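Below: one structure, written as structure tokens.
What follows draws every value from the coordinates through simple rules; no lab data is involved. None of these values were measured; they are calculated from a predicted model. Note: ideal-geometry Cβ built from the backbone for every residue, glycine included; neighbour counts use all protein chains shown.
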Amino acid sequence: MDIEFPYRFDDRGRTATAGHADHVRDMVELVLFTTPGERVNRPDFGCNYLDLVFAGNSPELAATLEMTAQAALQRWLGDLLTVESLTVTSQEATLHVHVAYVLTATGERRTVTVGGGVLS
């Protein structure tokens, strides 16, 4: 059973579930938005994306995030997906992470893009 994220109840008052592809997308977002040390039983889970909110925006910052996000996705979700490309672009005070991946179970290609503010 793939539980929907964020956790919610469905119309019948039960735990809402998601399809496999949507669940994997949710897990990609969880890896990107979890700060290492935030999870008690998995202290190295995550990739520090949110810690960069107050960092100065630069090409070096984008390259660092690209490497850490790629490594985190491969480590924590490598059995569920294969990352085809991961790019980080900076536009003014915002970083955008674009991930293209293939689901291992179905071979389906999917993409997810997340963005957040970074002070320049």
Members of segment 13-55 that are free of Cβ contacts under 8 Å to residues at least 24 places away in the same chain and among the aliphatic types (A, V, I, L, M): 16, 18, 40
Just to be sure I understand, how many residues within segment 71-90 are buried (at least 18 other Cβ atoms within 10 Å of the Cβ), out of contact with any Cys (no Cβ under 6 Å at 6 or more places or on another chain) and assigned to a helix (DSSP H, G or I)? 3
Would you please list the contacts, defined by Cβ atoms under 6 Å and residues six or more apart or on different chains, that run from a residue in segment 69-83 that is farther than 14 Å from residue 33 by Cα and without any contact (Cβ under 8 Å) to a residue 40 or more places away in the chain to a residue that is of a type outside the set (Val, Ile, Thr) and assigned to a strand (DSSP E or B)? 83/101
Output for segment 25-60, where each listed residue is touching a Lys or Arg at 6+ places or on another chain (Cβ under 9 Å) and more than 16 Å from residue 70 (Cβ to Cβ): 25
How many residues are touching a Ser or Thr at 6+ places or on another chain (Cβ under 8 Å), surrounded by 10 or more Cβ atoms within 10 Å (Cβ to Cβ) and part of a loop (DSSP other than H, G, I, E, B) if we restrict to segment 1-16? 3
